[in-house]
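S.K.: My structure is below; once you've seen it, I'll send some questions.
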Amino acid sequence: MEKYLIAKDTWVLSQVFPVPLATNINANSMIIAGKEPVIVDTGPSVTRDDWLRTAWSIVDPGAVRWVFLSHDDGDHIGNLLPVLEACPNAKVLTGSFAMGRMRLDHGIELPPLRVRWVNDGDSFEAGDRALLAVRPPVFDAPTTRGLFDASTGVYWAGDAFGCMVPRHLDDIAGVPEDERWDAFYKVNRMISPWHRWLDSGRYNAHIDSLQALGIEAIATCHGPAIRSSLVDEVLTRIRELPSLPALDEPGQGDLDQLIEMVMGQHAAAANGAEPAARGAAEPAAA
Ligand SMILES: [Fe+2]
Ligand SMILES: [Fe+2]
């Protein structure tokens, strides 16, 4: 787990997971350590101890006032219950549909007194700043809303604007340019297989309204931070999704290759050989 600043008092908790047949993907969260601290998504449960340790190195859990959930997927609510236990003064900012889905999908029953419903377009005060919920252009859950902080210009985009990465990076500029946009389009098409059916005019109008907010930096769950001129570039590039073909997803042939590779590694380990370095023996992403 790494942490880095994307703006004043605004931290990204960054972790990277390997993707079979591809490179790596982030599962990030964010913390706004302002007058009324806001935890923005709570990460996946698989790295709970590390996530909690990193979060409490940024903010005192007793001071946390808000936990904003971009949506209810497991990699965003994985540590919600331990966070609520550690933060008795925090309320969850979410919506009614997300609450229902958390109840059915995860057995999470949020006490209504610890919840405030925030829908797309709603704003709320968090001490020294006003925060605005704004739905990102693409998403993989109908409950999704992003979060814009006008005091810093940071937009938390949920799953949108992700990009696969060769390793931990704190800026998308660190992804080599010849790989960056292919990796960017891969993630953004993966989370929105409906991108081919979008009406370009209406989709672009939504991105126009997002761009009009004056976003200065984008933090995303599934990629490094996006800053300076690359903010405009990703807001331009994401407009191409309606005209792009469907993502060519890995098929059974790729899985056969993966199984062969894993079995080869097990056989090598059984014979006492060093396992092959990651990436050396793995097939390229489909
Ligand atoms: Fe998601
Ligand atoms: Fe996600």
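S.K.: Order by neighbour count: ASP75, ASP178, fewest other Cβ atoms within 10 Å first, most last.
M.R.: Lowest to highest Cβ neighbour count: ASP178, ASP75.
S.K.: I'd like the distance separating the alpha-carbon centroids of segment 36-109 and segment 235-267, in whole Å.
M.R.: 31 Å
S.K.: Something else about it: Need the list of aspartates and glutamates near LYS8 for cross-linking: C-alpha distance under 18 angstrom, and skip anything on the same chain fewer than eight residues off.
M.R.: Answer for LYS8, where 18 Å is the Cα cut-off: GLU36, ASP60, GLU125, ASP128, ASP149, ASP170, ASP171, GLU216, listed by chain and number.
S.K.: While we're here: For segment 254-267, just list the computed ³J(HN,Hα) in residue order, Karplus coefficients 6.51, -1.76 and 1.60, θ = phi - 60°, integers in Hz, with x standing in for Gly and Pro.
M.R.: For segment 254-267, the Karplus-derived couplings read 5, 5, 4, 5, 5, 4, 4, 5, 5, 5, x, 5, 5, 5 Hz, x marking Gly and Pro.
S.K.: Read phi for every residue in segment 164-178 and hand back ³J(HN,Hα) as whole Hz from Karplus 6.51 cos²θ - 1.76 cosθ + 1.60, θ = phi - 60°, with x for Gly and Pro.
M.R.: Working through the residues one at a time gives 5, 10, x, 6, 4, 9, 9, 7, 4, 4, x, 6, x, 4, 6 Hz.
S.K.: If each DSSP helix of 4+ residues adds -39,500 (n - 2.57) and the sum is divided by the residues in the chain, what number results at 222 nm, nearest 500 deg cm²/dmol?
M.R.: Only helices count here, giving -9000 deg cm²/dmol.
S.K.: Shifting gears a bit: Going by amide H atoms built from the backbone, whose H comes under 5 Å of the H on ALA225, apart from near neighbours?
M.R.: For ALA225, whose amide H was placed from the backbone, the distant partners under 5 Å are ASP171, ILE172.
S.K.: For LYS91, what residues show an amide H to amide H distance below 5 Å, using hydrogens built from the backbone and excluding near sequence neighbours?
M.R.: TRP66, VAL67
S.K.: A further question follows. For segment 115-128, take each phi angle, set θ = phi - 60°, evaluate the Karplus expression 6.51 cos²θ - 1.76 cosθ + 1.60, and give the result in whole Hz per residue in order, putting x for glycine and proline.
M.R.: With the stated coefficients, segment 115-128 comes to 10, 10, 7, 10, 9, 3, x, 7, 10, 8, 8, 10, x, 8 Hz.
S.K.: What do you get when you divide the Cα radius of gyration of segment 2-243 by 2.2 N^0.38 Å, with N the number of residues?
M.R.: Here the Cα radius of gyration is 0.94 times the empirical estimate.
S.K.: Over what distance in Å are the Cα centres of segment 111-150 and segment 171-216 separated?
M.R.: Centre-to-centre (Cα) distance: 20 Å.
S.K.: Sort LYS35, LYS91 so the one with the fewest other Cβ atoms within 10 Å of its own Cβ comes first.
M.R.: LYS35, LYS91
S.K.: Express the relative contact order of the chain as a whole percentage, based on alpha carbon pairs under 8 Å and six or more residues apart in sequence.
M.R.: Once normalised by length, the contact order is 17 percent.
S.K.: Would you please give the residues with an amide H less than 5 Å from that of ASN24, counting only those at least 5 places away or on a separate chain, with H modeled from the backbone geometry?
M.R.: When sequence neighbours closer than 5 places are left aside, the close amide H contacts are VAL19, VAL165.
None of the figures in this text is laboratory data; all of them are computed from the coordinates on show. As the structure is a computational prediction, the values presented were derived from the model and not from experiment. Cβ sites come from the backbone with ideal geometry, for glycine too, and all protein chains shown count toward neighbours.
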